[in-house]
Amino acid sequence: MRINPRFTNKLVHIGLNLQAFFTVGILVIIVAIICFKGFPYVNFEFIFAYPQDMGRIGGIFPSIAGTIFLVLLSILLATPLGVGTAIFLTEYTKESVFTKIIRFGVESLAGIPSILYGLFGFIFFVIKLKMGWSLLAGVLTITIMILPTIIRTSEEAIKAVPRNLRIVSYSLSATKWETVTKVVLPSAIPGILTGIMLSVGRAVGETAAVIFTMGSSLRLPTSLFDSGRTMAVHFYILAREGISMEKAYGTALVLVVSILLINILAYYLMNKAISRYS
Amino acid sequence: MTNNPIRKERFVKWVLVVFALSSLLFLFLIFMFIFFEGLPLFHKVGLKNIILGFKWAPTKGFFGIFPMIVSSFLVTFGALVIGAPMGLSCAIYLSEYSGKKMKMFLKPALELLAGIPSVVYGFLGVVYIVPIVRDHIGGSGFSLLATSIILGIMILPTIISISFDSIMSVPKTYREGSLAMGATKWQTIYKVILPAARSGILASFILGMGRAIGETMAVIMIAGNALKIPSSILDPLRTLTGNIALELAYATGDHRLGLFSTGVVLLVIIMILNYIANFGIKRRT
Amino acid sequence: MIMDIKIAIRRLRVTFSKNEILKGVTVDVYKNTITGFMGPSGSGKSSLISIINRMIDFEDNVRIEGEVRIDGQSILDGGHDNVELRRRVGTVFAVPIPLPRSIYENIAYGPRLKGIGDRATLHYIVEDSLKKAFLWDEVKDRLGISALKLSGGQQQRLCLARTLALKPEIILLDEPCSGLDPISTAKIEDALSELKKDITIILVSNNTKQIARITDFAAFFYLGELIEYDATEKLFTTPSMKKTEDYIQGKFG
């Protein structure tokens, strides 16, 4: 028996509609659970107080600070490296075997799972370079991990700057570097910031690569060679070792809300970058 | 200008070359150190005894990771069984059915799923999915099934965004041609658009697999981490990533080398998957 | 009257991939004149000026043979400085392309690259350049607004002013009025006629009436060859080549 194609068509339409909303529903449910369960435990003291008794009592201030230190330092290192690579690939060279090899390297880095970054960071930075579990080892590992994202988004952003603007700049006697810094980069900044914000989001939520390089000390890191823990690591330990469900939910709330805000900011910047030339 | 502009240009160019080479250097270092630590054990214990060995008791000289390799693939396929149809239908809906305003809302919302940290997925899996499986289906709940469900959700953003791009890159004329011949929208999608976007969609599945097989924190929280090949979807299991993450903090000597051997196997699998996926994406464009 | 030669072009041959765009062209451009390069599209006139400012370097697979000298100095050998050259040779493109910044910053872009940072000097240069491009009166109260907010005709005068801010010896204009209304066109033509006192101007155009109106010398190119080159008045009244006559009369082009 043949089913009427118009009927199938209608059915598929309804099915796909439901599917899409179901998927968005998952996001909404995740965020809702975290918000409702975590909300009662998050207050001024939770954010600014030091934890006691493994985190059973008190706040999560050292892990918030640890997250900020780790992410800021990684971004500080990865941004010049990544944007510089993107500038090289787009402005300073033509497509060749050399650029193909570099692109292959970037793609491969992007595909490596975070546990292998953790494994590498552990053996190279922590053990071989004798940094121990430290903020520095964490920063260097995360820098390498977020580099591909920054390179790719910066490259897209730089490529989107109209060629005409470069031509005009050259015709006004600018050198290549002057053209890049005065015309190309200012126009590409929203796109580059998008990549940076997405990387920040990834670094904030990262656990596997951080726990084996930065360690999980509950103390506030005061030097590059101190161990420390990020919110994600703190949350993982609270939840996995069953230390405190309340504190775990509270930490999850702070973690998820900051990541969502960072990502929403990233998409806002991306839309701004897209609307710039269309 | 402070100094000679031509010399300055040359200097800038060399700095940028060094920056660009840094990515290659990092890739090289990662491979070198993981292989450097991981390969000696293959030599000492034997490739076969590691890759096909069933027993993992590293302090007693047994380094078999065959059950973990199988488990890694099982959770990956499980994730694909759940994530692929969901992800592809979302991509089709976004590209073919949703209005412009809806798209502006849905696409970023779906991509935000990618931003949720994997520890949060793992935690919610433990608190909600594991008990549901335990109470309504059976077993301890820490299982292939629960892990597959969580991983299936986690790979959705990858599958959606890459499938979406490949469906959008099918030329408009294909659509118009088919609709003009009296095909319904669904017939057009099913018979014309999906075949045309095939290689990109496959690439999205393979990249999703890459994400699932490399996933760690969520998996160790939900999978139960038992050292055997699961015989049903309700059995617990331990993946390659889980093996590394669970034991790295305290492993020493050959035990630690065994974890790097696990890393070598994982790295090789990931590289093959990425290579295949990139091939699929390049063929599309 | 003996005139100084500003730009001497000898046996210039330009090949893009395998296409010969210019087939051995020899022209002298005289100092402080407006010289028109005209011809149908594909005649090579635009490629010719992109050699004079070496903007052709941004194209791929180009081969250049022959000689181009400005004030007797070759600009084709490796020894000279393209950045310095583009300070001396300004360019106005067919489509106005303002940089995405304010009117003021558009004009100040070139001087700042030269290292001029002093506010008073910059103010003077901006005002002077805008006046010379006949744009000052229209924008003097809103120098801070984005240059993209100006009309097409104003944008093109802004581009002229931006070039003037570098105090160039030569200005190349590549069909600068092709998209403009008659009033803006007239303003640009008036500006050029004033500017030639100090500056050598080359105007590439497919608009023979414009060439006849404002140039002192005119060259007619066809398929990469220079067909005829003479004082504008002579070329337009008694052309020596049949092809030139046909082109001027609008039989093709």
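Of everything listed in (1) surrounded by fewer than 14 Cβ atoms within 10 Å (Cβ to Cβ); (2) of a type outside the set (S, T, N, Q); (3) touching a strand residue (DSSP E or B) at 6+ places or on another chain (Cβ under 7 Å), the single unmet condition for C:LEU48 is (1).
Within the stretch A:65-112, the residues that satisfy the criterion of being free of Cβ contacts under 8 Å to residues at least 60 places away in the same chain and either among the basic types (Lys, Arg) or not in a helix (DSSP H, G or I) (or both) are A:THR93, A:LYS94, A:GLU95, A:SER96, A:LYS100, A:ARG103, A:ILE112.
Screening C:TYR124, C:TYR109 for residues that are away from chain A (no Cβ under 14 Å) and at pLDDT 95 or above leaves exactly one candidate, C:TYR124.
Which of the residues belonging to the stretch C:125-144 are in a helix (DSSP H, G or I) and under 15 Å from C:TYR109 (Cβ atoms)? Working first, answer last.
Here is the first cut: in the stretch C:125-144, the residues in a helix (DSSP H, G or I) are C:125-132, C:136-139.
Matches in the stretch C:125-144: C:ILE125, C:VAL126, C:SER129, C:LEU130.
Here A:ARG152 clears all of (1) at the interface with another protein chain (Cβ under 7 Å from one of its Cβ atoms); (2) of a type outside the set (A, V, I, L, M); (3) in contact (Cβ under 8 Å) with a residue 24 or more places away in the chain except the condition numbered (1).
Would you check if B:ILE6 is of a type in the set (A, V, I, L, M), within 10 Å of another protein chain (Cβ to nearest Cβ) and under 23 Å from B:PHE62 (Cβ atoms)?
Details: of a type in the set (A, V, I, L, M): yes; within 10 Å of another protein chain (Cβ to nearest Cβ): yes; under 23 Å from B:PHE62 (Cβ atoms): no.
No.
Among the residues of the stretch B:86-102, some residue qualifies, meaning at least one is assigned to a loop (DSSP other than H, G, I, E, B), more than 8 Å from chain A (Cβ to nearest Cβ) and closer than 26 Å to B:THR158 by Cβ. Does B:LYS107 count as within 12 Å of another protein chain (Cβ to nearest Cβ), within 24 Å of the chain's Cα centre (by Cα) and surrounded by fewer than 23 Cβ atoms within 10 Å (Cβ to Cβ)? Yes: the conditions hold for B:LYS107. Filtering the stretch B:56-74 down to residues that are touching a strand residue (DSSP E or B) at 6+ places or on another chain (Cβ under 9 Å) and outside any helix (DSSP H, G or I), which residue is surrounded by the fewest Cβ atoms within 10 Å (Cβ to Cβ)? The selected residue is B:ALA57.
When A:ILE3, A:ILE33 are screened for being part of a loop (DSSP other than H, G, I, E, B) and of a type in the set (Val, Ile, Thr), only A:ILE3 passes.
Please state which one of B:ILE229, B:ILE244, B:ILE220, B:ILE213 is more than 25 Å from B:GLY87 (Cα to Cα) and within 10 Å of chain A (Cβ to nearest Cβ).
Working: B:ILE229 fails: within 10 Å of chain A (Cβ to nearest Cβ); B:ILE220 fails: more than 25 Å from B:GLY87 (Cα to Cα); B:ILE213 fails: more than 25 Å from B:GLY87 (Cα to Cα).
Only one candidate qualifies: B:ILE244.
Taking the numbered list (1) at pLDDT below 95; (2) among the aromatic types (Phe, Trp, Tyr); (3) closer than 18 Å to B:THR216 by Cα in turn, B:PHE77 passes all entries but (1). Taking every residue in the stretch B:93-105 that is touching a residue at least 40 places away in the same chain (Cβ under 8 Å) and pairing it with any residue that is of a type in the set (Val, Ile, Thr) and assigned to a helix (DSSP H, G or I), at least 6 positions away or on another chain, the pairs with Cβ-Cβ distances below 8 Å are B:LEU94/B:ILE160; B:SER95/B:ILE167; B:GLU96/B:ILE167; B:GLU96/B:ILE189; B:GLU96/B:ILE193.
Of A:ILE60, A:ILE33, which residue is surrounded by 15 or more Cβ atoms within 10 Å (Cβ to Cβ) and either away from every other protein chain (no Cβ under 14 Å) or in contact with a Pro (Cβ under 7 Å, 6 or more places away or on another chain) (or both)? Reasoning before the result, please.
Numbers: A:ILE33 fails: either away from every other protein chain (no Cβ under 14 Å) or in contact with a Pro (Cβ under 7 Å, 6 or more places away or on another chain) (or both).
None of the others qualify; the one that does is A:ILE60.
Could you say whether any residue in the stretch A:71-79 is at pLDDT 90 or above, under 30 Å from A:ASN164 (Cα atoms) and under 26 Å from the mean Cα position of the chain (by Cα)? Checked the stretch A:71-79: at least one residue is at pLDDT 90 or above, under 30 Å from A:ASN164 (Cα atoms) and under 26 Å from the mean Cα position of the chain (by Cα). Confirm whether B:LYS13 is surrounded by fewer than 19 Cβ atoms within 10 Å (Cβ to Cβ), more than 9 Å from every other protein chain (Cβ to nearest Cβ) and charged (D, E, K, R). Spelling it out, it is not the case that B:LYS13 is surrounded by fewer than 19 Cβ atoms within 10 Å (Cβ to Cβ), more than 9 Å from every other protein chain (Cβ to nearest Cβ) and charged (D, E, K, R).
For (1) out of contact with any helix residue (DSSP H, G or I) (no Cβ under 6 Å at 6 or more places or on another chain); (2) in a helix (DSSP H, G or I), each residue gets a yes or a no:
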| site | (1), (2) |
| --- | --- |
| B:TRP186 | no, yes |
| B:ALA203 | no, yes |
| B:LEU207 | no, yes |
| B:ALA212 | no, yes |
| B:LYS228 | no, no |
| B:ALA245 | no, yes |
| B:ASP254 | yes, yes |
| B:LEU257 | no, yes |
| B:SER261 | no, yes |
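From the set of residues in the stretch C:93-105 that are of a type in the set (A, V, I, L, M) and within 9 Å of another protein chain (Cβ to nearest Cβ), which is farthest from C:GLN156 (Cα to Cα)? Please lay out each step first, then the result.
First, pick out the residues of the stretch C:93-105 that are of a type in the set (A, V, I, L, M): C:94-95, C:97, C:99, C:103.
Keeping just the survivors that are within 9 Å of another protein chain (Cβ to nearest Cβ) gives C:95, C:97, C:99.
Details: C:VAL95: 8, C:ILE97: 8, C:LEU99: 12 Å.
Top of the filtered list is C:LEU99.
Does A:GLY118 qualify as being out of contact with any Gly (no Cβ under 9 Å at 6 or more places or on another chain), crowded, with 23+ Cβ neighbours inside 10 Å and of a type outside the set (Asp, Glu)? Considered against the rule, which asks whether it is out of contact with any Gly (no Cβ under 9 Å at 6 or more places or on another chain), crowded, with 23+ Cβ neighbours inside 10 Å and of a type outside the set (Asp, Glu), A:GLY118 comes out as yes.
For the condition modelled with pLDDT of 95 or more, in contact with a Leu (Cβ under 8 Å, 6 or more places away or on another chain) and more than 7 Å from every other protein chain (Cβ to nearest Cβ), what is the one hit in B:PHE19, B:PHE31?
Numbers: B:PHE19 fails: more than 7 Å from every other protein chain (Cβ to nearest Cβ).
Among B:PHE19, B:PHE31, only B:PHE31 is modelled with pLDDT of 95 or more, in contact with a Leu (Cβ under 8 Å, 6 or more places away or on another chain) and more than 7 Å from every other protein chain (Cβ to nearest Cβ).
A single member of A:THR194, A:THR207, A:THR222 is more than 10 Å from chain B (Cβ to nearest Cβ) and crowded, with 24+ Cβ neighbours inside 10 Å, and it is A:THR194.
The values are calculated or read from the model by the stated rules, or taken from the named source; none is laboratory data. Quick caveat: nothing in here was measured; it's all calculated off a predicted structure. Because the Cβ atoms are built from the backbone with ideal geometry, glycine has one as well, and the counts that use them run over all protein chains shown.
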